[in-house]
Amino acid sequence: QVQLVESGGGLAQPGGSLRLSCVASESISSIYVMGWYRQAPGNERELVAVIRGGGSTNYGDSVKGRLTISKDNAKNTVYLQMNSLKPEDTAVYYCYVVKNNRVYWGQGTQVTVSS
């Protein structure tokens, strides 16, 4: 099993920035798909960003141009740089990986954007 631990959430003001981190319990160099989802109260889980083994990325329409996903294989870590934050970005953010056709989730980290 792959264990994932997220960190970096918290309170930010509109227009501010946060960087989320997701550390995996094993090497991510062989994991083909990693990414972030988010879920706000009363809403379904929403794709935020995904990064593949070759480095290609995709983003949800609501975050394009503001959020950037990246990874550091040496640190077994995936990052989500969040800029120009909006109140509607408030949600619990979950890291996930797909390995051997199984999906593993982190426990989530709360992001709140408010003045």
Inspect all residues belonging to the stretch 50-71 and state whether any of them is touching a helix residue (DSSP H, G or I) at 6+ places or on another chain (Cβ under 9 Å), more than 19 Å from ARG102 (Cα to Cα), part of a loop (DSSP other than H, G, I, E, B) and not hydrophobic (A, V, I, L, M, F, W, C).
yes
Scanning the stretch 25-43 for residues that are more than 14 Å from THR68 (Cα to Cα) and at pLDDT 95 or above, the one most open to solvent (accessible area, probe 1.4 Å) turns out to be GLN39
When LEU85 is run through (1) within 20 Å of SER115 (Cβ to Cβ); (2) open to solvent by 30 Å² or more (accessible area, probe 1.4 Å); (3) of a type in the set (A, V, I, L, M, F, W, C), the failure sits at (2)
- Does ARG19 count as of a type in the set (Lys, Arg), modelled with pLDDT of 95 or more and under 12 Å from the mean Cα position of the chain (by Cα)? yes
Checking VAL97, VAL92 in turn, the sole residue that is under 15 Å from GLY9 (Cβ atoms), open to solvent by less than 40 Å² (accessible area, probe 1.4 Å) and in a strand (DSSP E or B) turns out to be VAL92
Only one of (1) open to solvent by 20 Å² or more (accessible area, probe 1.4 Å); (2) outside any loop (DSSP other than H, G, I, E, B); (3) free of Cβ contacts under 8 Å to residues at least 40 places away in the same chain does not apply to TYR79, and that is (3)
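The values are calculated or read from the model by the stated rules, or taken from the named source; none is laboratory data. Computed from a predicted model, the values in this text were never measured in an experiment. All Cβ positions, glycine included, derive from the backbone under ideal geometry; neighbour counts span all protein chains shown. Areas reflect the complete protein model, heavy atoms only, side chains present, ligands, DNA and RNA absent. Shrake-Rupley method; radii C 1.70, N 1.55, O 1.52, S 1.80 Å.
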